[in-house]
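To keep things clear, I will list the structure first and then write my remarks on it.
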Amino acid sequence: MAILDNVSLPTVNLYHILGTYKKALETKWKQYKVYRRTIKELSVLSNRELEDIGISRYELESITRKTCFNK
C-alpha cells in the first residue's frame with residue numbers, strides 16, 4: 001500500500017477567480033453586442049433580400065443566436 005506524502009493542491013487565488021469571471025463576462029458582453037448589431041442590420045432588410053441570402057424573417061433570431069453564441 002502506498003502512502004502519499006507531500007500532496008499539494010493548487011492554491012485558489014480569489015483574484016484569479018474574479019479575473020476569470022470578469023473575462024467571461026466581457027466575452028459574453030462582446031457576443032451580445034455583435035448579436036444585437038447583427039439583428040438590427042438584418043431586420044432592416046426586406047423579405048426579398050433576406051430570401052436572397054437564404055434566411056426567412058422568423059429565423060433571424062435563432063440563426064443570429066447560433067452564430068454569435070455558438071449554440
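Values in this text are rule-based calculations from the coordinates and carry no lab data. From a predicted model like this one, the values you see are computed outputs, not experimental measurements. Backbone-built Cβ (ideal geometry, glycine too); neighbour counts: all protein chains shown.
A few notes on this one:
- The modelled label-to-label distance between residue 45 and residue 21, using points 7 Å beyond Cα along the C-beta direction, is 4.0 nm.
- Excluding same-chain neighbours fewer than eight residues apart, the lysines reachable from residue 40 by a Cα-Cα span under 22 Å are 28, 30, 66, 71.
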